[in-house]
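Here the structure comes first, spelled out in structure tokens, and everything after it is commentary.
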Amino acid sequence: MTSADLDHDHAHAHDHEVRPLLVDRPEAVRVTLGAEPDAREIAAASEGAPPSFLYVDCGAWMGDGRHVAVQRCFAVVCGEHAVLCEFQAGRPSRDPGHTGPEAQAIHRLLAALAGPQRMDVAIRRWCVRKRGDTPTGATPTPTVFLPDMHLPLVGRMPDLDPDLVPDPNQARCWCHGPIFARIDGAAARASVYRVVGSRLTRNPNDWFYAMAASYNAAAEDLVRFLDRLGRHGASAPYHLVHLGGLFDVWAGYKCIFQSMGFAGLVEPRIIAGVGERELAAQWLDVVLEGRPKTAVTRLIQLPPERRTLLSAPHGHFAHDAPPGGDAPRLLRAGSFLAESRPEPLTECLDQPPHARVGVFEGKAQYLPWTRVRPEGWRRELVLAAASRWAESGFASYVMAHTYEPCLAEIWVDRR
């Protein structure tokens with residue numbers, strides 16, 4: 001093998017060198033735009049110039065702490081400031097010490113949301129994109145961003161045969177069960193493994209309703225959040241943006257259960273593309289009362305000039321995406337750009353909510369929407385946000401739909 005061959009093999013290996021992946025929650029990133037765009041994590045302190053823009057991923061607002069970890073993420077943007085927060089009881093907020101009209105407006109808003117004891121809001125990160133010009137004398141208006149919630153609005157299910165699901169407490173072996181009983185005419189004896197004190201019925205309707213009830217904690221927190229925001233709004237300006245995925249209409253469900261009744265799986269039938277107008281015209285009067293319905297109604301009844309609802313279709317589709325309601329998909333206002341769906345994340349797998357029911361054990365697990373993302377997904381999203389910034393500069397880019405909260409400073413190099 002000649003030296004030229006070695007040089008060629010080395011160059012070929014260099015061309016296929018795998019770049020390090022960007023972590024899911026970076027704090028500072030340098031992006032290079034051009035023929036071969038790239039994004040790599042850096043130390044923010046090493047950068048002399050202010051960041052080009054702030055990248056905000058609002059995470060999710062779901063989970064009850066029993067079946068799924070609690071997430072109550074939200075973000076606030078005001079001018080050059082972006083703050084990533086969490087709304088949970090017993091989480092005191094610390095003051096990062098920022099000053100100026102925009103910072104003071106955010107402080108007053110977070111203090112109102114934190115409640116009388118100032119214990120319900122935790123600031124996860126606060127970033128500022130410094131600028132050279134002087135802010136105007138107008139009163140700054142903070143914008144509050146809320147992420148995916150998927151609060152279920154549930155219709156009433158028809159009555160089912162109480163014996164639809166077999167009783168797993170009855171013996172199924174050939175010597176004691178119904179098969180042997182049919183042979184000798186004796187009554188089948190009950191199994192010694194009967195569950196004592198189980199509250200789990202054999203009615204799939206109850207499993208369906210219980211799955212919807214697992215969202216009650218998230219709905220109650222949203223009502224509390226909106227009540228405090230409304231009281232604050234009586235004396236101070238604000239604007240609320242929901243980034244899509246506020247509610248799902250559960251019009252029915254499909255159920256699969258094991259032939260002997262030991263276990264079952266329930267998945268709701270979700271009506272895709274229901275927007276605010278269709279909800280008010282067709283669904284609010286037919287879905288059951290409950291905390292999720294109360295929370296959704298409370299949010300959409302905010303004054304129109306003080307809230308914007310973005311739409312996001314269910315799932316990710318590379319082409320021919322189904323309608324996502326009657327709301328816009330993005331909002332460009334003031335110093336930020338907000339999007340409901342973080343393209344180009346078209347290869348992730350959206351798994352709908354479902355319940356795993358162990359009838360014999362008397363246990364059930366209720367799982368909300370989950371997202372399985374491809375390797376390197378954060379890098380792709382940061383690169384896409386940087387491309388949008390290059391087209392129309394903004395101070396902050398805000399999104400959700402990944403369930404991974406993140407606030408990062410982004411420096412962009414153009415080639």
Inset, instruction - Would you check if there is a residue in region 106-117 being free of Cβ contacts under 8 Å to residues at least 12 places away in the same chain and assigned to a loop (DSSP other than H, G, I, E, B)? - result: yes
Inset, instruction - Scan the strands (runs of 3 or more DSSP E) fully inside region 229-302 and keep the ones with 2 or more residues being surrounded by 16 or more Cβ atoms within 10 Å (Cβ to Cβ) and at pLDDT below 95. - result: 247-257, 263-271
Legend entry - Pair list, Cβ under 6 Å, 6 or more apart: region 402-414 residue closer than 17 Å to Arg125 by Cα, other residue among the polar types (S, T, N, Q): Ile410/Ser52
Legend entry - Selected residue (only one of Gly325, Gly334 is within 27 Å of Met211 (Cα to Cα) and either surrounded by 15 or more Cβ atoms within 10 Å (Cβ to Cβ) or modelled with pLDDT of 90 or more (or both)): Gly325
Inset, instruction - Quick one: in region 373-407, of everything that is aliphatic (A, V, I, L, M) and under 13 Å from the mean Cα position of the chain (by Cα), which residue is surrounded by the fewest Cβ atoms within 10 Å (Cβ to Cβ)? - result: Met399
Legend entry - Failed condition for Ile410, given (1) assigned to a strand (DSSP E or B); (2) of a type in the set (A, V, I, L, M); (3) within 17 Å of the chain's Cα centre (by Cα): (3)
Inset, instruction - Could you tell me whether any residue of region 364-378 is part of a strand (DSSP E or B), modelled with pLDDT under 80 and under 28 Å from Asn216 (Cβ atoms)? - result: no
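The values are calculated or read from the model by the stated rules, or taken from the named source; none is laboratory data. In this text the structure is predicted, and so the values were computed from the model without any measurement. Please note: Cβ atoms are built from the backbone with ideal geometry, for glycine as well, and neighbour counts cover all protein chains shown.
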